[in-house]
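The values are calculated or read from the model by the stated rules, or taken from the named source; none is laboratory data. Being a predicted model, the structure only gives us computed values, none of them experimental. Here the Cβ is made from the backbone with ideal geometry for all residues, glycine too, and neighbour counts use every protein chain on show. Please note that ligands, DNA and RNA were not included when accessible areas were found on the heavy atoms of the full protein model with its side chains. Shrake-Rupley method; radii C 1.70, N 1.55, O 1.52, S 1.80 Å.
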Amino acid sequence: MNANEEEVAPAVRAILDAAAEREGGSERLAVDARSLTDAFDAVEADGRVPIISEVKPTSPTTEGTRDDDPVELAEEMVAGGAAALSVLTEPEHFGGSTENLERIREAVDVPVLRKDFVVREDQLDVVESDVILLIARFVDDLAGLVEAAESRGFQALVEVHSVAELEAALAAGASIIGINNRDLAKLEVDLATFETVAQEAPDDVTLIAESGVSSVDDVRRMRAAGADALLVGTAIMDGDVRENVQRFTNATQETQT
């Protein structure tokens with residue numbers, strides 16, 4: 001585990017401790033993945049903003065839970081225009097499960113991201129998804145894990161929070177990078193994080209703005225700063241998910257850069 005683990009908030013430390021103990025898969029997976037970047041391109045061609053809509057029953061930074069059937073939520077999100085879905089598989093703190101991911105991926109035709117704290121190669125083999133999240137801060141051998149994921153057919157979404165982590169992600173061969181506006185040391189959100197880090201990213205990587213997007217104005221701000229897509233969780237889960245996705249994905253074309 002990365003030494004930076006010592007700097008994180010207690011809630012995140014608990015999640016990491018649980019992740020380190022979680023078992024991996026017994027057999028190596030081979031995934032036939034749906035292309036995330038193609039999905040983004042298709043939404044862009046339709047004049048809309050690519051949104052990864054997150055099926056998130058609960059989290060340490062939100063109040064309450066949603067007990068709706070996750071498959072029904074996912075289908076409503078896709079009906080609202082989501083380019084892709086993010087599905088939590090972390091069970092103890094986010095109410096997620098690999099079963100939810102399997103059911104959702106079977107029910108929809110858009111790429112599905114597995115959102116979890118993956119820290120070892122064998123944890124890649126727990127469940128098939130199209131994209132897998134790797135958090136740069138919490139992975140010791142990032143290049144090795146990116147290669148291991150891609151060799152199985154996954155697309156790796158490498159999450160960073162700083163320019164130093166961006167540089168590490170690029171050195172590890174990441175081509176899809178999520179910039180998390182939430183500081184996991186304090187669990188505080190600042191949209192300026194994306195604006196600062198994105199400036200240092202090369203043009204040939206796909207950039208996804210993560211966390212803190214709660215309004216159409218936020219979508220416009222992230223797009224103006226270079227976001228190819230946005231991952232939105234709480235703001236979509238809070239209310240009618242189809243209407244919320246429509247609101248974000250139909251943000252005006254002035255957001256495009």
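The label-point distance for VAL163 and ALA192, in a model that sets each label 7 Å from Cα toward Cβ, rounds to 1.5 nm. For the pair the range 146-211 / the range 120-136, the C-alpha centres are spaced 16 Å from each other. Taking the 1.4 Å solvent-accessible surface of the chain as the whole, the part contributed by carbon and sulfur is 41%. Shown is the FRET efficiency for ALA224 and ALA9, computed with R0 = 25 Å from the Cβ-Cβ distance and rounded to the nearest 0.05: 0.25. With only the Cα atoms considered, the chain has a convex hull volume of 111 Å³ per residue.
Can you tell me the length gained on complete extension of the stretch ASP69 to LEU29, counting 0.36 nm per residue apart and subtracting the Cα distance?
Net length gain for the segment: 11.7 nm.
So how far apart, in nm, are the two label points at ASP109 and ASP17 if each is 7 Å from Cα heading toward Cβ? Each label point lies 7 Å from its Cα, and together they span 4.6 nm.
Here the sum of -39500 (n - 2.57) over DSSP H runs of 4 or more residues, divided by the residues of the chain, equals -10000 deg cm²/dmol at 222 nm, to the nearest 500.
For MET77, the accessible area of its heavy atoms, probed at 1.4 Å with every protein chain present, is near 0 square angstrom.
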